[in-house]
Ligand code: FAD
């Protein structure tokens, strides 16, 4: 059976009729990671997500699989050790969507780190993260740093360090997790929101009431254990459970802004100091360069974090100071996104001082909540939760489950044993595509989204191309694949979370919003009002990305 909205009735029937070992609430990286781990160990697991998979913070990050160099400054050595080591695991399991990226750390006059401290810091970072020899940090002279990135300010520059991180597409990583969990037996439903808990006389949760936003119906889901993996919404569920006491979340907002590559033509991804002591990234990628992030305490609408004028001004100031010849203004920003970090509140700490460690909180009703953490460390967070649930089921029922096996579980699309094998696949794909006139870059972008599943998309694109049945054969083939295998429902699912086009290919996307919405409307048999609502959603997201209040 395909992971498609066409099978939605089947998924919701399962949710209504079966009793699950584990029900996960929230389809971000944390929830989907838990669903996969549990499914691989043989648990009967379900997941519901109130919007689309990855709709929350997990599609709005800096899109790096990184150890968090700056956490060294805060002496969070264990965090750097654990998360840093996970980079290689995440890369191995999803080579198509996790790409090694050299990062330049410029060392400047009056910066927070001098030459010695940078060299030592990067060395410790590599050691803690267990980085292989060929990828260890390299310190650069002033001249070498200037050659690596000519836009840096010669007057301020003292030298630099080059070290390895990995670039990813966060929302695609989430969908690959969801697809893999599905292929291993998990039942996952998006557009399905937890509304309330049903408890027994002892106050223990026995089931939940959920609303399906597509069929507009509510139903009960029974499960022995329930995990609240709702990211920034974790405390709302704890409130519904009447267990919101003790530790609480402190949300902080992070904004990224996007420039056309010509406006910020960096040769090299960079991580640099800002006057207030923070550090920000500037990352060139597929014809654009994005810059971020801010880190400010957030107490407004959790469903709608937006980039404001002052967020943009902060990032513009930082970038113009580091690269003084480019003189960027707000008018140069072509897109943006804003996300919320679900951090644990600590007395007297500012937004950027709050720890990124994850925490598990178990309420008297049995609700297991998990918050904090990083995209990069999702697998370890999942392991902790599933170990806990397996142990409890073992105690109560005497059933045993296998050990965690996600360390060596390739995700869908990442079906390669070595980087060389992945490179060979890409090269074959490019040769095949070349025969029918698709360009190399287009095919490489396709590969970094769908990896080992790209050939089937290319085959369909060829079919459209040869039959002259579509003006944009590749786009249509991609849409077909997402309808059949990636559970999309709306145009926003496609343009934001499956393809990222709204951020990275904005000009072309503008012309595609209407025909794609129309095609989805036909696919789901929607009426005129529903088409209009789909268009309104994507058009408002499109406008929102460049309107700063
Ligand atoms: P989310 O992704 O928010 O998922 C929670 C989900 O729960 C949401 O999709 C929501 O719709 C759903 N939900 C809520 N309520 C309900 C309900 N009642 N019923 C059903 N579903 C519900 N980490 C890195 O490793 N690398 C980075 O580069 C990085 N950069 C970052 C930059 C920024 C600006 C931010 C904010 C974070 C960054 N992080 C990064 C951290 C990382 O993105 C987060 O830790 C991670 O995405 C959190 O995932 P999550 O699944 O816990 O939460």
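The values are calculated or read from the model by the stated rules, or taken from the named source; none is laboratory data. None of the values given here were measured: they were computed from a predicted structure. We place every Cβ from the backbone using ideal geometry, glycine too, and count neighbours over all the protein chains shown.
Side notes on the structure shown:
- Entry remark, the stretch 1-40: residues being in a helix (DSSP H, G or I), within 25 Å of the chain's Cα centre (by Cα) and within 14 Å of the ligand (Cβ to nearest atom) number 9 in total.
- Against the criterion of being in contact with a helix residue (DSSP H, G or I) (Cβ under 6 Å, 6 or more places away or on another chain) and either in contact (Cβ under 8 Å) with a residue 60 or more places away in the chain or surrounded by 24 or more Cβ atoms within 10 Å (Cβ to Cβ) (or both), residue 65 qualifies.
- Residues being exposed (fewer than 15 other Cβ atoms within 10 Å of the Cβ) and either under 19 Å from residue 61 (Cα atoms) or in contact with a strand residue (DSSP E or B) (Cβ under 8 Å, 6 or more places away or on another chain) (or both) - total across the stretch 314-345: 1
- Screening residue 349 against (1) touching a strand residue (DSSP E or B) at 6+ places or on another chain (Cβ under 7 Å); (2) modelled with pLDDT under 95 leaves a single unmet condition, (1).
- Any strands (runs of 3 or more DSSP E) falling wholly within the stretch 249-296 and containing at least 2 residues that are closer than 19 Å to residue 445 by Cβ: 249-260, 279-285, 288-292
- Qualifying residue in the stretch 306-323 (condition: touching a residue at least 24 places away in the same chain (Cβ under 8 Å), touching a helix residue (DSSP H, G or I) at 6+ places or on another chain (Cβ under 9 Å), within 16 Å of the ligand (Cβ to nearest atom) and assigned to a strand (DSSP E or B)): no
- Any hit, the stretch 174-186, residues being surrounded by 24 or more Cβ atoms within 10 Å (Cβ to Cβ) and part of a strand (DSSP E or B): no
- Among the conditions (1) under 18 Å from residue 300 (Cβ atoms); (2) in contact with a helix residue (DSSP H, G or I) (Cβ under 8 Å, 6 or more places away or on another chain), the only one that residue 351 does not satisfy is (2).
- Only helices (runs of 4 or more DSSP H) whose full extent lies in the stretch 66-165 are considered here, and the ones with at least 2 residues that are more than 23 Å from residue 327 (Cα to Cα) and modelled with pLDDT under 90 are 70-73, 77-93, 115-128.
- Exactly one residue among 300, 267 is more than 18 Å from the chain's Cα centre (by Cα) and within 16 Å of the ligand (Cβ to nearest atom), and that residue is 300.
- Scope the stretch 333-387; condition in a loop (DSSP other than H, G, I, E, B) and within 13 Å of the ligand (Cβ to nearest atom); matching residues: 354, 355, 356, 357, 367, 373, 374, 375, 376, 377
- Selection from the stretch 214-241 of residues that are more than 9 Å from the ligand (Cβ to nearest atom), closer than 25 Å to residue 342 by Cα, touching a strand residue (DSSP E or B) at 6+ places or on another chain (Cβ under 9 Å) and not in a strand (DSSP E or B): 235, 238, 241
- Close pairs (6 angstrom Cβ cut-off, 6 or more residues apart or separate chains): under 15 Å from residue 70 (Cα atoms) and touching a residue at least 12 places away in the same chain (Cβ under 8 Å) in the stretch 342-357, part of a strand (DSSP E or B) and within 11 Å of the ligand (Cβ to nearest atom) anywhere: 351/252; 351/296; 354/343; 357/372
- Filtered residue count, the stretch 292-305, keeping only those that are without any contact (Cβ under 8 Å) to a residue 60 or more places away in the chain and within 27 Å of residue 104 (Cβ to Cβ): 3
- Scanning the stretch 43-60 for residues that are in contact with a strand residue (DSSP E or B) (Cβ under 9 Å, 6 or more places away or on another chain), within 9 Å of the ligand (Cβ to nearest atom) and assigned to a loop (DSSP other than H, G, I, E, B) yields 49, 50, 51, 53, 56, 60.
- Scan of the stretch 459-510 for residues that are on the phi > 0 side of the Ramachandran plot and under 19 Å from the mean Cα position of the chain (by Cα), ordered by number: 487, 500
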